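To keep things clear, I will list the structure first and then write my remarks on it.
The values are calculated or read from the model by the stated rules, or taken from the named source; none is laboratory data. Every value quoted in this text rests on a predicted model; they were computed, and no experiment measured them. Glycine gets a Cβ as well: all are built from the backbone with ideal geometry, and neighbour counts include every protein chain shown.
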Amino acid sequence: MDNEQIIREFIEAWSRLDAKELSSYFTDDGVYHNMPSGPVGGRANVEKMIAGFIGPWTETKWDILHIVSAGDVVIAERLDRTKAGEKSVDLPCTGVFEMQNGKIKVWRDYFDVTTYVKGMS
């Protein structure tokens, strides 16, 4: 399976809100850098971070607007539609994924944190 298809599946997997499944897409020493925060390294730590912020979510669906790939790099522009009970946000994001042997080695996600906070407040 090529890297772009793996990232398409990873993005689709977010709708299941399963931190263990999502962290399984990372290498053992993978890094998730959610740009408003510092980077988190190691699959177990990535899983813990994901579990922490999806905890209040009741639903999420990420729409891919554009996706491009070259070699081990995949860039996906998305619109992340997320609900936490009565609160919701449509968050424009761009993720840059560095892949290694079919797994995410580094993921950097860029978005406006104010848009997220306003929607979820």
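Quick notes on this structure:
- Of the candidates Lys61, Lys48, the single residue that is more than 19 Å from Met120 (Cβ to Cβ), basic (Lys, Arg) and in contact with a strand residue (DSSP E or B) (Cβ under 9 Å, 6 or more places away or on another chain) is Lys48.
- Region 55-67, residues that are without any contact (Cβ under 8 Å) to a residue 60 or more places away in the chain and within 17 Å of Ile11 (Cα to Cα): Trp57, Thr58, Glu59, Thr60, Lys61, Trp62, Asp63, Ile64, Leu65, His66
- For the residues Glu98, Glu59, the requirement of being acidic (Asp, Glu), surrounded by 16 or more Cβ atoms within 10 Å (Cβ to Cβ) and more than 12 Å from the chain's Cα centre (by Cα) singles out Glu98.
- Inside region 1-27, residues that are without any contact (Cβ under 8 Å) to a residue 12 or more places away in the chain and more than 14 Å from Gly102 (Cα to Cα) make up a count of 3.
- Pair list, Cβ under 6 Å, 6 or more apart: region 28-54 residue of a type outside the set (D, E, K, R), other residue part of a helix (DSSP H, G or I) and surrounded by fewer than 15 Cβ atoms within 10 Å (Cβ to Cβ): Pro36/Val113
- Taking (1) in a helix (DSSP H, G or I); (2) within 15 Å of the chain's Cα centre (by Cα); (3) of a type outside the set (Phe, Trp, Tyr) in turn, Gly30 satisfies each apart from (1).
- Single residue of Val40, Val106, Val89 found to be out of contact with any Leu (no Cβ under 9 Å at 6 or more places or on another chain), surrounded by 15 or more Cβ atoms within 10 Å (Cβ to Cβ) and under 18 Å from Ser121 (Cβ atoms): Val89
- Residue among Val96, Val113 that is over 17 Å from Leu17 (Cβ atoms) and at pLDDT below 95: Val113
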